[in-house]
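The values are calculated or read from the model by the stated rules, or taken from the named source; none is laboratory data. Keep in mind that this is a model prediction, so the values were computed, not measured. Cβ sites come from the backbone with ideal geometry, for glycine too, and all protein chains shown count toward neighbours. When the accessible area is computed, the model is the full protein with side chains, heavy atoms only, and any ligands, DNA or RNA have been set aside. Shrake-Rupley method; radii C 1.70, N 1.55, O 1.52, S 1.80 Å.
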Amino acid sequence: MQSDPFVLGGREYRSRLLVGTGKFSSMEVMQQAHEASGAEIVTVAIRRIHIDDPSGKTMLDFIDRSRYQLLPNTAGCYTAKDAVLTAKLAREALETNLVKLEVIGDQQTLYPNVVELIVAAEELVRDGFTVLPYTTDDPVVCQRLEAVGCAAVMPLAAPIGSGLGVCNPYTIRIIKEQAKVPVIVDAGVGTASDAAFAMELGADAVLMNTGVALARDPLLMAHAMRGAIEAGRAAFRAGRMPKRLYASASSPIHDLISTV
């Protein structure tokens, strides 16, 4: 197959699967799942790193930073002000300008507050951050985020942690058709077919956490997600056959009739 690198923030990656760090049964299981996934980018919620762990270790001690690109996120922020502050703390602590920007608008659905999200994105872009905003699957909002300088857009497939898969494939397709930056489907992926479907729609990458962490076998699911991302991307590049209402014989009958 031809080389098909995923370019994000000016850097090339082989894997189009981004993974998270929450909800795993242990840090060791998390490490093994990251390995099985083949991912090269790992997102970390800055506000949820416990620095007072009795063992003296934090989640960051279980991520090989020579192997994985850390993507700090602002999960848990409900205002632009808090998100901007969290992003700046992450830059100081982790020495990276990359940030997955989250500004939550509702505690139950965890849907983004797109007004505050755009405000925070504008400020962080001006301050030199490479901003990857988690947003609704709204093409207009994604266009606005791209216009203010975000390096990618990250529309949700479904509510965070729901495992519902891609609920609105038509808007994902529209977002991809309009975007001039990478489209990373984020949140709601529950199993490998969800990941493959997102990639077949044209998404440049998929970010997931719960679908792997809460699987009965997280390592096996991480491996499955890896294969699904690769298969979905290959199918998108290959171009699927058109759908037809009626049958179309694989071996046309006129080729089977001999002339006398």
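In the stretch 139-163, which residues are in a loop (DSSP other than H, G, I, E, B), under 16 Å from the mean Cα position of the chain (by Cα) and not polar (S, T, N, Q)?
If the condition is that a residue be in a loop (DSSP other than H, G, I, E, B), under 16 Å from the mean Cα position of the chain (by Cα) and not polar (S, T, N, Q), then Cys150, Ala151, Ala152, Ala157, Ala158, Pro159, Ile160, Gly161, Gly163 are the ones that fit.
Of everything in the stretch 159-174, what is among the hydroxyl-bearing types (Ser, Thr, Tyr) and at pLDDT 95 or above? Give them in sequence order.
If the condition is that a residue be among the hydroxyl-bearing types (Ser, Thr, Tyr) and at pLDDT 95 or above, then Tyr170, Thr171 are the ones that fit.
Just name the residue that is least open to solvent (accessible area, probe 1.4 Å) out of those in the stretch 64-79 that are farther than 14 Å from Pro133 by Cα and in a strand (DSSP E or B).
Looking at the filtered set, the residue picked out is Leu70.
Can you name the residue in the stretch 143-159 that is within 17 Å of Ala187 (Cα to Cα) and in contact with a Gly (Cβ under 7 Å, 6 or more places away or on another chain) and, of all such residues, is surrounded by the most Cβ atoms within 10 Å (Cβ to Cβ)?
Only one residue fits best here, namely Ala157.
Could you count how many residues in the stretch 80-110 are assigned to a loop (DSSP other than H, G, I, E, B), within 15 Å of Leu60 (Cα to Cα) and touching a residue at least 24 places away in the same chain (Cβ under 8 Å)?
So the answer is 1.
Touching a strand residue (DSSP E or B) at 6+ places or on another chain (Cβ under 7 Å) and either open to solvent by 50 Å² or more (accessible area, probe 1.4 Å) or more than 23 Å from Arg11 (Cα to Cα) (or both): which single residue out of Val181, Val189 fits that description?
The conditions single out Val189.
Quick one: would you say Leu132 is under 28 Å from Gln178 (Cβ atoms), at pLDDT 95 or above and part of a helix (DSSP H, G or I)?
Judged against the criteria, Leu132 is not a match.
Would you point out which residue out of Thr96, Thr74, Thr86, Thr58 is over 14 Å from the mean Cα position of the chain (by Cα) and modelled with pLDDT under 90?
Being over 14 Å from the mean Cα position of the chain (by Cα) and modelled with pLDDT under 90 holds for just one of Thr96, Thr74, Thr86, Thr58, which is Thr58.
Would you mind stating whether Leu124 is in contact (Cβ under 8 Å) with a residue 12 or more places away in the chain and part of a loop (DSSP other than H, G, I, E, B)?
No.
Consider Leu132 against the criteria (1) open to solvent by less than 10 Å² (accessible area, probe 1.4 Å); (2) free of Cβ contacts under 8 Å to residues at least 60 places away in the same chain; (3) of a type in the set (A, V, I, L, M, F, W, C): it satisfies all of them except one. Which criterion is unmet?
(2)
Yes or no: the stretch 151-161 includes at least one residue that is touching a strand residue (DSSP E or B) at 6+ places or on another chain (Cβ under 9 Å), closer than 21 Å to Gly22 by Cβ and of a type outside the set (A, V, I, L, M).
Within the stretch 151-161, one or more residues are touching a strand residue (DSSP E or B) at 6+ places or on another chain (Cβ under 9 Å), closer than 21 Å to Gly22 by Cβ and of a type outside the set (A, V, I, L, M).
If the Cβ limit is 9 Å and pairs must be 6+ apart or interchain, which residue in the stretch 11-27 that is under 20 Å from Phe197 (Cβ atoms) pairs with which residue that is among the acidic types (Asp, Glu) and not in a loop (DSSP other than H, G, I, E, B)?
Ser15/Glu230; Arg16/Glu230; Leu17/Glu230; Leu18/Asp186
Residues being closer than 19 Å to Arg240 by Cβ, outside any strand (DSSP E or B) and not hydroxyl-bearing (Ser, Thr, Tyr): count how many of those fall in the stretch 183-209.
Matching residues across the stretch 183-209 total 12.
Looking at (1) assigned to a helix (DSSP H, G or I); (2) under 27 Å from Ile118 (Cβ atoms); (3) open to solvent by 70 Å² or more (accessible area, probe 1.4 Å), which is the only condition Asp61 fails?
In the conditions (1) assigned to a helix (DSSP H, G or I); (2) under 27 Å from Ile118 (Cβ atoms); (3) open to solvent by 70 Å² or more (accessible area, probe 1.4 Å), Asp61 misses (2) alone.
Of the residues that sit in the stretch 21-46 and are modelled with pLDDT of 95 or more, within 18 Å of Lys100 (Cα to Cα) and in a loop (DSSP other than H, G, I, E, B), which one is most open to solvent (accessible area, probe 1.4 Å)?
Out of the qualifying residues, it is Glu40.
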